[in-house]
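Written below as structure tokens is the structure these notes are about.
Laboratory data are not the source of any read-out in this text; all were calculated from the coordinates shown. Nothing here was measured: the structure is a model prediction, and the numbers come from that model. Virtual Cβ from ideal backbone geometry, glycine too; neighbours counted across all protein chains shown.
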Amino acid sequence: MNVIYSKNFNIELGLLNYLHPFDGTKFRAIYDALSQKPNIQFVEPLSPVSMEVVDEFLSGVMRHRVRNKNGVLQALEVPRIPFIGFSYLDRKILTPMRWGVAATLLGAESALSHDDIYWNLSGGYHHAMPQNMEGFCIYNDIGICHQQLVKRGLLSAEDKVLIIDTDAHHGNGNAYTFMDNDRVTLLDIYNAGIYPMSSYTRDRVDIPVPLPPGSEGEHYLQKYSEALGKLASDYRLAFVVAGTDVLTSDKLGGLCLTTEDVIEREKLTLQALSDRSIPAVFLGGGGYSSGSADSVIAAISACSELLPSAGSPVQEVLSH
Ligand SMILES: [Zn+2]
């Protein structure tokens, strides 16, 4: 299993960490645990994605909003903080996220080059879109990545792309980003009783699996398995938003899965992709409980046993 990690993913805010339930340093905890395991090869982006690349994806208004302190704080769902400047936010929060976007780019490029699976511990910002940022998502890494891959000739505009979203929240940003692109298939399994409630973006999902709040693992996995069975096999590339906010301990996701359920979910995803020979990049997505890191560690460990042969080392990194 190829895992993408950079120490620059970690968001370290000291006491300000308590302003949001997201544990910004869980990436390091996951890396530390996985680095002890066999069959896991780490790859690392060399730089964060540039604002020039981000701007190519954003609408004109958003190019200003992503550089505005209050706009960013609102999207991060934290109160306005008078004594913090934009440069602090950029250095402490936004730059780590741009490293996450770079990792998605690296993972997708590597997956395409090596016909393999890559797992970015960060990324999966599925509530961001060209016209908006919300839900702790500033940059839509999948949208930016897709745009860059097409621009650089690594994907054609006609290539079919699959987005599997197993985060507890509906991926409204991806649905909006690809609203008019019928070459992109969306499979989204989510808690139908929580944010975001946009029917406009929910209607865009090709294979929707809306679940009632409180759904447990057995029901989730049964519905998910059925949905995976509907997938075609002619996708050039898949993105998987593997959020761990589906855990019972997660206060935001509103679902009731165990770590064992998450392991089973990721195995199902991996099997569905392997059966169809679809290169893929998994993305971290949401995960706001103390059990999030442990479930990611357990799931990647289990999946690495299904993919014992690590792919070729990635020697080249996209120039951003
Ligand atoms: Zn989520």
With just the Cα atoms defining each centre, how far is the range 79-125 from the range 207-228? Give it in Å. 28 Å
Report the Cα-based extents of the range 123-167 along its three principal axes, largest first, to the nearest Å. 31, 22, 16
Cβ crowding within 10 Å averaged over residues, with 159-169, 128-138, 101-111 ranked highest first: 101-111, 159-169, 128-138
Within 10 Å, count the other beta carbons around each residue, average over each peptide in 71-78, 174-181, and list them highest first. 174-181, 71-78
If you average over every viewing direction, what projected area does the convex hull of the Cα atoms of the chain give, in nm²? 14.4 nm²
Can you tell me what share of the DSSP beta bridges in the chain is antiparallel? A percent to the nearest 5 is fine. 5 percent
Give the dimensionless ratio obtained when the Cα radius of gyration of the range 174-320 is divided by 2.2 N^0.38 Å. 1.07
Let's see if you can work this out: charge +1 on each Lys and Arg Cβ, -1 on each Asp and Glu Cβ, no other charges. What is the dipole magnitude of the chain about its Cα centre, in debye to the nearest 20? 920 debye
Rank LYS26, LYS37, LYS92 by mean-square fluctuation in a GNM of the chain with C-alpha springs under 10 angstrom and give only the top-ranked residue. LYS37
Considering only the other residues whose Cβ falls under 11 Å of the Cβ of PHE57, what net charge follows from Lys and Arg at +1 and Asp and Glu at -1? -2
Just to be sure I understand: if I project the alpha-carbon convex hull of the range 194-243 onto a plane and average over all orientations, what area do I get in nm²? 4.4 nm²
Under a Gaussian network model of the chain whose springs join Cα atoms within less than 10 Å, the largest fluctuation of VAL281, VAL61, VAL53 belongs to VAL61
For ALA238, other-chain or 5+-apart residues with amide H closer than 5 Å (H placed, Pro excluded) are LEU162, ALA280, VAL281
5 Å is the cut-off here: which amide hydrogens, built 1.01 Å from N in the peptide plane, fall below it relative to TRP119, excluding neighbours closer than 5 in sequence? ASN2, VAL3, ILE4, PHE282
Per-residue ³J(HN,Hα) for the range 254-265, Karplus 6.51 cos²θ - 1.76 cosθ + 1.60, θ = phi - 60°, Hz, x for Gly and Pro: x, 10, 10, 9, 9, 4, 4, 5, 5, 4, 5, 4
Which whole-number percent is the relative contact order of the chain (Cα, under 8 Å, 6+ apart)? 22 percent
Selection from ALA128, PHE83, SER225, by position along the positive dipole direction of the chain (Cβ): PHE83
Taking Lys and Arg as +1 and Asp and Glu as -1, residues besides LEU211 with C-beta under 11 Å from its C-beta add up to -1
Sparse-neighbour loop sites [trypsin sites (Lys or Arg not before Pro); the range 190-243; at most 13 other C-beta within 10 Å; DSSP]: LYS230
Report the normalised scattering of the range 1-150 as log10 I(q)/I(0) at q = 0.09, 0.19, 0.21 Å⁻¹, calculated by the Debye formula with identical scatterers on the alpha carbons. -0.28, -1.17, -1.37
What percentage of all Cα-Cα pairs in the range 220-276 are separated by more than 14 Å? 58 percent
List the chymotrypsin sites (Phe, Trp or Tyr not before Pro) within the range 57-122 that DSSP assigns to loop and that have no more than 10 neighbouring Cβ atoms inside 10 Å. PHE83
For SER215, which sequence-distant residues (separation of 5 or more, or a different chain) have an amide H within less than 5 Å of its own amide H, given hydrogens modelled in the peptide plane? CYS256
Sequence neighbours fewer than 8 away in the same chain don't count; with that in mind, list the lysines whose C-alpha is under 20 Å from LYS26. LYS7, LYS37, LYS92, LYS251
